[in-house]
Amino acid sequence: MTERDRPLPDVETIAAAYGVAADPAFGAVAPPLYLSSTYEFAGYERPRVYDYGRAGNPTRDMLADALAELEGGAGAVVTSSGMAALDLLAGGLRVGALVVAPHDCYGGTMRLLKARAERGQIGLRLVDQGDAAALDAALEASPALVLIETPSNPLMRVVDIAALAGRAKAAGAEVAVDNTFLSPAIQRPILLGADYVIHSTTKYLNGHSDVIGGAVVAADRGKAEQLRQWANVVGSAGAPFDAWLTLRGLRTLFARLERQQANAMAVAQYLESHRAVAKVHYPGLRSHPGHGVASRQQRGFGAMLSFELAGGVEAVRRFLPAVRFFTLAESLGGVESLVAHPATMTHADMGDEARAVAGISDGLLRFSIGLEAEKDLIAGLEEGLAACA
Ligand SMILES: *Cc1c(COP(=O)(O)O)cnc(C)c1O
C-alpha cells in the first residue's frame, strides 16, 4: 500500500501519537519543547520556517496541527487563553459587525462581547438559541458571526448544531461553536457545518488543571491562515511550554473522557434517585430534554452536569462543607472532581435578574466529574446530601 492509499488515522490515534517520534535532531519520541523566542536566518535574505516566536513556534504549531486534525479543520491557532481565542475572532470583525450569541453563554464570553459592544466595536444580540423564532429574528438582522455553545453552562441545554449552523449560514453568517464542554473526543462541530471551533484548552484538552490556554480551529485553510496572521498582529499567541503541556494532556484525552463520562453517568443516576435533589441536568439521562439531539450529534454525554438541591441555598450551605472528593472551585475538565455554585461563583456577574431569566437558581450546583473511583464519588456525595436533610 502506498502512503496515499492508506486510510487517515482515527482521532484516538491523532490524540495519542501526533508528532511522536518526529524529531529530526535526536529521534526524541516525546516532541521536544522549543522555547526560543527568535531563530537564526540561514543567511542574508534567507529566513527559515520560523523567524520570531510571536509569529510561530514549532511546539505551539504541533499542538495547533493536532487540534485542527482532531476537529476535522484545515488549520488552528493556539492562543494564551480561551478568551484570547474568542477575541481573536471577535476582534477581527469589521466595526459594527453583528454577533449573535446565546443569552446563557459562558460568563467570560458574555463580558467580552458586551465590552466590545459598549465600545461600539461590534453589534450584539443575545438570544435563547433553543428558541427558533428568536434566532430567526436575530438572523434577519444579518449577523456576521453566530456563536453556539452546546451543551450550555451550567444547565447543559443542548442545541442541534447542524440545524442552527444551516440557518445561520443561509442568512450569510459565519458560525463558531465553543466546544470546550465536550472536546473533539465527543463532539466535532466542523463536521456538523461550523466554520470555527473555539476551545478553552484550559479544560478537557489539557485536562490537568495546570495550564490556561485556548485555540481557534477553522474549517477553511484560507481563514485559518488569516487568523494566524491576525494572532501575530495582536500578539495573542500561547506560550510554548503551555502548548507542550497541553499536547501531553491531549495524549490521554479519549481515555480520560471515557472514564469521566462513565463516572458522570453514575453520579447523574445516583443524584436523580435521591430525595434531597430536585432536578438533575445531564444530557445522558433520558429525562433530559436534549437527550435525543445529544445522542445524535455527540459521541457520549460528557462529564459535566448540574443539579438543584431541593432545600435551595440553605441546603447548598450544608452540602458544600460535607461533600467529599469534590473540591469547591471554578473551572472544569481536569482529572479531579470539582463542584461550583454558579450563582455566587461562575455566574455571579450576571446579576439576579439575568440569572432568573436563564433559569440559574440559588440551589443549583455544577459538577465537573473526574477520574476518581465511582464508589468514592458516590460515597462522598452521600455525605454531602445527608447533611442537607
Ligand atoms: C473556561 C471557558 C472559556 C474561557 O477560557 P479561559 O481559558 O478561561 O480563558 C470559554 N468558554 C467556555 C465554555 C469555558 O468553559
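For residue 375, which aspartates and glutamates qualify as cross-link partners when the Cα separation must be under 13 Å and same-chain residues fewer than eight apart are set aside?
Qualifying aspartates and glutamates at Cα under 13 Å: 383.
Among all stretches of the chain without exposed trypsin sites (Lys or Arg not before Pro) (DSSP loop, at most 11 other Cβ atoms within 10 Å), which one is longest?
Between exposed loop sites, the widest span is 120-274.
Considering only 253, 33, 271, give the residue with the highest GNM mean-square fluctuation for the chain, with springs between Cα atoms whenever their separation is below 10 Å.
33
Pick out, from 378, 368, 350, the residue whose Cα sits farthest towards the positive end of the charge dipole of the chain, with +1 on the Cβ of Lys and Arg and -1 on the Cβ of Asp and Glu.
Farthest along the dipole direction, towards plus: 350.
Only Cα pairs under 8 Å and at least 6 apart count here; give the relative contact order of the stretch 73-157 as a rounded whole percent.
Relative contact order comes out at 34 percent.
Identify which of 133, 101, 55 has the largest mean-square fluctuation in a Gaussian network model of the chain, with springs joining Cα atoms closer than 10 Å.
Fluctuation is largest for 133.
For residue 203, give me every one of the lysines with a C-alpha distance below 22 angstrom, ignoring sequence neighbours fewer than eight places off in its own chain.
none
Return the calculated 222 nm mean residue ellipticity for the chain, to the nearest 500 deg cm²/dmol, obtained by summing -39500 (n - 2.57) across DSSP H runs with n ≥ 4 and dividing by the residue count.
One gets -11500 deg cm²/dmol as the mean residue ellipticity at 222 nm.
Mind checking which aspartates and glutamates have their Cα closer than 20 Å to the Cα of residue 169? Skip sequence neighbours fewer than 8 apart in that chain.
71, 128, 131, 136, 140, 149, 160, 178, 195, 220
Counting Lys and Arg as +1 and Asp and Glu as -1, each charge on the Cβ, what is the dipole of the chain about the Cα centre in debye, to the nearest 20?
120
List the relative contact order of the stretch 254-386 as a percent without decimals, with contacts defined as Cα pairs under 8 Å and 6+ residues apart.
30
Under the Kirkwood approximation for Rh and a Cα-based Rg, what ratio Rg/Rh is obtained for the stretch 254-386?
Rg/Rh for the stretch 254-386 comes to 0.95.
Dipole of the stretch 11-250 (Lys/Arg Cβ +1, Asp/Glu Cβ -1, origin at the Cα centre): which of 135, 26, 63 lies farthest to the positive side?
Ranked along the dipole, the leading option is 135.
Of all DSSP beta bridges in the chain, what percent run antiparallel (nearest 5)?
If we restrict to bridges inside the chain, about 60 percent are antiparallel.
Looking only at chymotrypsin sites (Phe, Trp or Tyr not before Pro) in DSSP loops with at most 13 other Cβ atoms within 10 Å, what is the longest site-free stretch of the chain?
Maximal segment without exposed cleavage sites: 45-389.
Using alpha-carbon positions, what is the distance between the centroids of the stretch 260-305 and the stretch 186-259, in Å?
26
Along the principal axes of its C-alpha atoms, what lengths does the chain span, in descending order and rounded to whole Å?
76, 50, 40
Mean separation of Cα pairs under 8 Å and 6+ residues apart, divided by the residue count of the chain: what relative contact order is that in percent?
So the answer I get is 16 percent.
Given points 7 Å out from each Cα along the Cα-Cβ axis, report the residue 320 to residue 241 separation in nanometres with one decimal.
Going by the 7 Å Cα→Cβ label model, 3.2 nm.
The numbers here are math on the coordinates, done by the rules we state, and not lab data. Remember, predicted model here, so these are calculated numbers, not experimental data. For neighbour counting, all protein chains shown are included, and Cβ atoms are generated from backbone atoms with ideal geometry for every residue, glycine included.
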